[in-house]
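Structure first, commentary second.
No value in this document is a laboratory result; all are computed from the given coordinates. Every value quoted in this text rests on a predicted model; they were computed, and no experiment measured them. Ideal geometry is used to build each Cβ from the backbone, glycine not excepted, and the neighbour counts take in all protein chains shown.
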Amino acid sequence: MSTSTRFFRLLSLLQTHRYWSGDELAERLDVSLRTVRRDIDRLRDLGYPVQADRGVGGGYQLASGTAMPPLVLDDEEAVALVVSLQSSVHGGSSTLAEAALRAMGKIVPVLPARLRKRAQALTASTVPLNSQYSAPDPVNPEVLVAFAQACRDHERIAFDYKDAKGAKSSRRVEPAQLVNVGNRYYLVAFDLDRDDWRSFRVDRAQNASPRALRFAPRAVPGGDAAGFVRAGLRGTGPQDVSARIHASAKKLEPLIGRWFQIEAIDANNCLVRTENMNLNWAAFGLAMSQAKVSDIQPAELRTLLDSWTENLSS
């Protein structure tokens, strides 16, 4: 066993948070106690808080520290972490989703290809509760991460894209920002071939390829990427939903933020919207707000909610 392999094997053992005697570690690593002590000292130098009991029968344990040190994951743990992060990206609060996306940007690029394929297969075959209506197509985590990194680094990127009608095209863009709408992500970017701004649904993009060409950021129309996406979504289909909910945005965000765009009207009222949502699911989402709802659109949704109320009270 090489020195580096032994070192990471020791770290992996200690990360189980089990108390290890020096003799156990020496046996597992096939080295002397002196070598174990030397490797433990190296871990401490790198910031790992290893506790030790000296003397006969002494042992070691990785304790909680004041900073986050590097971690070693086995194959199954790495795949599980990526799948869990992607679930948070699409189903968590906006703050949690942004943090999960940043973490994916660090983890996915260093995963071996075989593990990336496993993570992608698991994600594609796992259906979250609300994906039947709001996100039927799985997002390729490599594409999502590539877009996020290109936005961060102001780097041109090319990708294959399929629009709502199924037409396929190749795009070259200068990415500006990712926007989370419900359970979908949109890339706001300047399309170089069309010489205009566009928003792209990330679940419709494949084969994202950074071009290693930096660019000076352009100003997004209106100065607001989220507003640009919102304007593009209006009128995209007969099932666009809106309503006024008599509650604060702070209260509504954890309850229905994954399904609806929430705009505060004042401290106690909000306008909520979503695009192309199944009306049964929209009705359920509004009911989850736990507040009075008015100004409901479309009319079919009002009729559906009235029938629910009648059935429940009968």
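Overview of values
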{"read-out": "Length released on extending from Ser87 to Ser12, taking residue separation times 0.36 nm less the Cα-Cα span", "value": "24.4 nm"}
{"read-out": "Spacing of the two label points (7 Å from each Cα toward its C-beta) at His154 and Arg42, in nm", "value": "4.1 nm"}
{"read-out": "Cα-based reach from Lys117 at 20 Å (exclusive), listing aspartates and glutamates while leaving out same-chain residues under 8 positions away", "value": "Asp74, Asp75, Glu76, Glu77, Asp137, Glu142, Asp160, Asp203"}
{"read-out": "Additional length obtainable on full extension of the chain from Asp75 to Glu98, 0.36 nm per residue less Cα span", "value": "5.8 nm"}
{"read-out": "Taking region 3-62 and dividing mean pair separation by its residue count, relative contact order in percent (alpha carbons under 8 Å, at least six apart)", "value": "38 percent"}
{"read-out": "Highest-first arrangement of 203-210, 260-267, 191-198, where packing means the average Cβ count within 10 Å", "value": "203-210, 260-267, 191-198"}
{"read-out": "Sites Lys168 and Thr5, calculated FRET efficiency, Cβ-Cβ separation with R0 51 Å, nearest 0.05", "value": "0.65"}
{"read-out": "26 Å Cα-Cα reach of Lys292 towards lysines, excluding residues that sit fewer than 8 places from it in its own chain", "value": "Lys250, Lys251"}
{"read-out": "Residues Tyr161, Tyr186, Tyr19, sorted so that the one with the fewest Cβ neighbours within 10 Å comes first", "value": "Tyr19, Tyr161, Tyr186"}
